[in-house]
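Below: one structure, written as C-alpha cells.
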Ligand code: GLY
Ligand code: MN
Ligand code: MN
C-alpha cells in the first residue's frame, strides 16, 4: 500500500482545476461518441508475485491517475458522469500492517467523496452510483470489477479516443513533467559528478548517487534506471548494477528519470572518461551527437511528421559516421544502403506523460486507425504528426553493439567499414542523448536542457 499523501508537489494551484475541466470535456465527448452514460475507472491494486505474498510497488491505472494525480489511491474507484462532479470512492483500509493512505486535502475541492474501509464497500457504492447514472457504463480497469453487471470493460473505441487525445498535455501536466525533469536532472548531476571525481566507481555506486541526488526511491522511478559503464552502454536496456568498478572507466551512459504526481521524465546522458582517456574519436563522436541532437530539435515545428524527423536523424548520423572516418563511403550511400541502422537500431523517441512510453504513438486519429512504422524502422514508437502541447523524447543513439557489428562484418557491406576505428570504439559501448521536448505553437520548449541550465546555475 503506497503511503504518499503529499498534495501535487510544488505546483501552482490554478492549473489543476483547468486540467480537470479539460478532462471533463474530453470524457463527456468521448462517452457521448461511444454511447456511454458514465464511466467507472479503477485505480487498481498491486498484485503479489506468483505463489508469493510480496508485490511490486503499486502503480495506478493511468486513466485514474490523470484525474487523481497522487499515488495514494490503491483500490479506489472513480465515477465520471457528464455534467456532474466526478465521484471518488476512496479506499482507506483499517489496517495495521500498512500505513493507510490519507485523502489529499486538494481532492475535496474537486470530487464528491466517500471513504470506505473495505474494498467490497468501495465496489458496492460505485456500482450503486453507476446504476443511478444510466444503463451503459464503461469500466476502465485492469481486472473486471466484482459484480459489474452492466456496461463494457475497457471498450476499445473509447480507449482509442482517450489515448489519442492524451498526447496533448494540459498546463498542469506540463508543470508536473517540468518537476519530474528537475528531480531527474539533480540525480543526473550527482551521478556525473561522481563519475568525473577521478575515483574508479561502480555502476552500483553511480546508481545510488543518482537516487540520492534525485531524492527518489527505486520503486518511485518511472522505469528502472540504466546505469552503464563501458561496453554496457551498448546494451540498449542494460539492467544490472555491477558492484565492482571496472578496471578502466572509458564511458558512462545513464538513462534515468523521475516522477511527479504520476508524470514521468526520461533522460539520457553519456560521458567520456578523461583519466585514463577514452579514445579521442569517442570524444569527437559525443560532441557531434550532442550537436546533431540539438540541431535536429531546432528543426521541429508543429505539423512535422515524427517519422520524417527520425529519418532526418539517420541522415545526420550517416554524416557523422563518414566524417569521422568510421564509414568509408559517402553519407548518402551510408543512409540509403541502411548502414546507419546497424549503429542506431531504436526509434528517435516516443510520447511521454503518465507512462514513460505513453500510449497512442502509432495512432493516426481518435478513431484508432493505426500508423505503423515502415519495415526498416520497426522500433519506432511514434509515427504521428507533431502538434502543440505534445511532449516527446528526442533520443538519438550511436552504438557499437557486438551482435550488429558482427553481422555487418559478415555481410556484403563489410568493406564500407573502417574496422580498426570501430574496434577501438567497441569498449565504449555507445552514446545516447535524450531530452524531453514540449512542442509549442512556434517550435519547442526543451524541458530537459532548461532544467540542466537551471540546476547548473545553482551549483
Ligand atoms: N528509458 C527508456 C527509453 O528511453 O525509452
Ligand atoms: Mn525514452
Ligand atoms: Mn530513456
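Where a number appears in this text, it was derived from the coordinates with a stated rule and is not lab data. Because the structure is a prediction, the values reported are computed rather than measured. So basically every Cβ, Gly included, is an ideal-geometry build from the backbone, and we count neighbours across all protein chains shown.
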Among (1) within 16 Å of ligand 1 (Cβ to nearest atom); (2) part of a helix (DSSP H, G or I); (3) touching a helix residue (DSSP H, G or I) at 6+ places or on another chain (Cβ under 8 Å), there is one condition residue 254 misses while meeting the rest; what is its number? (2)
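The rows are residues; the columns are (1) assigned to a loop (DSSP other than H, G, I, E, B); (2) free of Cβ contacts under 8 Å to residues at least 24 places away in the same chain; (3) surrounded by fewer than 22 Cβ atoms within 10 Å (Cβ to Cβ).
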{"site": "347", "(1), (2), (3)": "yes, no, no"}
{"site": "353", "(1), (2), (3)": "yes, no, no"}
{"site": "366", "(1), (2), (3)": "yes, no, yes"}
{"site": "391", "(1), (2), (3)": "no, no, no"}
{"site": "404", "(1), (2), (3)": "no, no, yes"}
Please go through the stretch 430-454 and give me each residue that is within 26 Å of residue 237 (Cβ to Cβ) and in a helix (DSSP H, G or I), ordered by number. 447, 448, 449, 451, 452
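To keep it simple, each residue is scored yes or no on (1) within 16 Å of ligand 2 (Cβ to nearest atom); (2) more than 21 Å from residue 254 (Cα to Cα).
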| position | (1), (2) |
| --- | --- |
| 349 | yes, no |
| 353 | yes, no |
| 383 | yes, yes |
| 398 | yes, no |
| 404 | no, yes |
| 409 | no, yes |
| 423 | no, yes |
| 430 | yes, no |
List the residue pairs whose Cβ atoms are under 6 Å apart, where the first residue sits in the stretch 283-310 and is surrounded by 14 or more Cβ atoms within 10 Å (Cβ to Cβ), the second is in a helix (DSSP H, G or I), and the two are 6 or more positions apart or on different chains. 288/320; 292/316; 296/313
Given (1) over 22 Å from the mean Cα position of the chain (by Cα); (2) within 15 Å of ligand 2 (Cβ to nearest atom), identify the lone condition not met by residue 272. (2)
Unmet requirement for residue 314, which otherwise passes all of (1) away from ligand 2 (no atom under 16 Å from the Cβ); (2) assigned to a loop (DSSP other than H, G, I, E, B); (3) free of Cβ contacts under 8 Å to residues at least 40 places away in the same chain: (2)
Of the criteria (1) more than 16 Å from ligand 3 (Cβ to nearest atom); (2) buried (at least 19 other Cβ atoms within 10 Å of the Cβ); (3) under 20 Å from the mean Cα position of the chain (by Cα), which one residue 221 fails: (1)
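Only one of these is part of a loop (DSSP other than H, G, I, E, B) and within 30 Å of residue 67 (Cα to Cα): 212, 224. Name it.
Values: 212 fails: part of a loop (DSSP other than H, G, I, E, B).
Among 212, 224, only 224 is part of a loop (DSSP other than H, G, I, E, B) and within 30 Å of residue 67 (Cα to Cα).
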Taking the stretch 234-262 as the region of interest, how many residues are within 18 Å of the chain's Cα centre (by Cα) and away from ligand 3 (no atom under 15 Å from the Cβ)? 3
Hey, does the stretch 392-414 have a residue that's away from ligand 3 (no atom under 16 Å from the Cβ) and at positive phi? no
Being in a helix (DSSP H, G or I) and surrounded by 16 or more Cβ atoms within 10 Å (Cβ to Cβ) is the filter; apply it to the stretch 197-209 and report the residue that is farthest from ligand 1 (Cβ to nearest atom). 205
